[in-house]
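Structure first, then comments.
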Amino acid sequence: ILLEGNPKFIFVLNCDVCSDYPLHEMLTFHASHEGSATILVKEVEAHVAKDHGEVVLEQEGGGGRVVHYAEKPQTLVSSTVNC
């Protein structure tokens, strides 16, 4: 059912939160960067990060490409988390 009609793009969202996501901006960004996927992230304090998926982004010339993702790791991986 998810791919019915052969959509070019789909959004996969958390279902355990209510939030206002910038979907139009995310779609525009994704289409212009031609990546496999786009993930919305934000910086948080270390003690908050432990309760979320932590994202490590490429630093040099990567344009924000994800190089590592850890779902609620036991030790801090990054203070950048998925939204």
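The values are calculated or read from the model by the stated rules, or taken from the named source; none is laboratory data. These figures come from a predicted structure and were not determined experimentally. In this analysis, Cβ positions are derived from the backbone assuming ideal geometry, glycine residues included, and neighbour counts consider all displayed protein chains. Only protein heavy atoms, including side chains, enter the accessible area calculation; ligands, DNA and RNA are left aside. Shrake-Rupley method; radii C 1.70, N 1.55, O 1.52, S 1.80 Å.
Things to note:
- Pair list, Cβ < 9 Å and 6+ apart or interchain, from segment 72-83 residues that are touching a residue at least 40 places away in the same chain (Cβ under 8 Å) to residues that are in a loop (DSSP other than H, G, I, E, B) and acidic (Asp, Glu): VAL81/ASP51
Rundown of residues vs (1) of a type outside the set (A, V, I, L, M, F, W, C); (2) outside any loop (DSSP other than H, G, I, E, B); (3) more than 15 Å from the chain's Cα centre (by Cα), yes/no style:
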site: ILE1; (1), (2), (3): no, no, yes
site: CYS15; (1), (2), (3): no, no, no
site: LEU27; (1), (2), (3): no, yes, no
site: GLN59; (1), (2), (3): yes, no, yes
site: HIS68; (1), (2), (3): yes, yes, no
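- Residues that are modelled with pLDDT of 85 or more, within 21 Å of VAL56 (Cβ to Cβ) and open to solvent by less than 90 Å² (accessible area, probe 1.4 Å), drawn from segment 6-45: MET26, HIS30, ALA37, THR38, ILE39, LEU40, VAL41, VAL44
- Contacts under 6 angstrom Cβ, first residue in segment 1-29 being in contact (Cβ under 8 Å) with a residue 12 or more places away in the chain and under 19 Å from HIS52 (Cβ atoms), partner among the β-branched types (Val, Ile, Thr) and open to solvent by less than 80 Å² (accessible area, probe 1.4 Å), 6 or more apart: MET26/THR38
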